[in-house]
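The values are calculated or read from the model by the stated rules, or taken from the named source; none is laboratory data. These numbers come from a predicted model, not from an experiment. Here the Cβ is made from the backbone with ideal geometry for all residues, glycine too, and neighbour counts use every protein chain on show. Each accessible area value is taken on the protein alone, full model and side chains, heavy atoms only, with ligands, DNA and RNA left out. Shrake-Rupley method; radii C 1.70, N 1.55, O 1.52, S 1.80 Å.
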Amino acid sequence: MTKAELIDAITAKLAMRKKDVAPVVDEVFSEIQGALSKGDKCTFVGFGVFEVRRRSEREGRNPQDPTKKVLIPAKNVPVFRPGKDLKDAVVDVKLS
């Protein structure tokens, strides 16, 4: 699902106009991004948790020349942990 498809789905379910729904969806994403950029955690009960984790420095290999080692610097990365309701909803999904 893309952002446009999400807006279309919400528009259809709530019988609202796209121009009214789109700014709300944009603001939700913006608030989640803002919270994560401050190091906060976003918890949505039943859906999941967005948070920032520190990925430590590690050694990797150059894909063009596997004999050469490359140092991959430490960095912060956003992660998502699904909640129980979301996990239960996708248990029987058939993937193609």
Counting every C-alpha pair in the chain, the percent lying more than 24 Å apart is 49 percent
Hey, which lysines would be in cross-link range of Lys68, C-alpha to C-alpha under 17 Å, not counting anything within fewer than 8 residues on its own chain?
none
Fraction of alpha-carbon pairs over 17 Å apart in the stretch 38-94 - percent
60 percent
Only Lys, Arg, Asp and Glu count, each charged at its Cβ (+1, +1, -1, -1), so figure out the dipole size of the chain about its Cα centre, rounded to 20 debye.
400 debye
At a 1.4 Å probe radius, which order do Leu14, Leu6 fall into by accessible area, largest first?
Leu14, Leu6
Taking the Cβ of Lys19 as the centre, find all other residues whose Cβ is under 13 Å away and add up their charges (Lys, Arg: +1; Asp, Glu: -1).
-1
Counting only other residues whose beta carbon sits under 12 Å from that of Gly39, what net charge do I get with K and R as +1, D and E as -1?
+2
Sum of side-chain charges, Ile7 neighbourhood, beta-carbon under 12 Å (Lys, Arg +1; Asp, Glu -1)
+1
With everything on Cα atoms, drop me the angle between helix 3-14 and the longest principal axis of the chain, reported from 0 to 90° to the nearest 10.
30 degrees
Can you compute the helix-only [θ] at 222 nm over the chain? Use -39500 (n - 2.57) per DSSP H run of at least 4 residues, normalise by all residues, nearest 500 deg cm²/dmol.
-12500 deg cm²/dmol
With a 1.4 Å probe and every protein chain left in place, tell me how much accessible area Val91 has, in Å² to the nearest 10.
100 Å²
Along the charge dipole of the stretch 11-96, Cβ charges K/R +1 and D/E -1, which of Gly46, Pro78, Pro23 sits furthest on the positive end?
Pro78
Points 7 angstrom from Cα along the Cβ direction at Arg17 and Val91: gap in nanometres?
4.4 nm
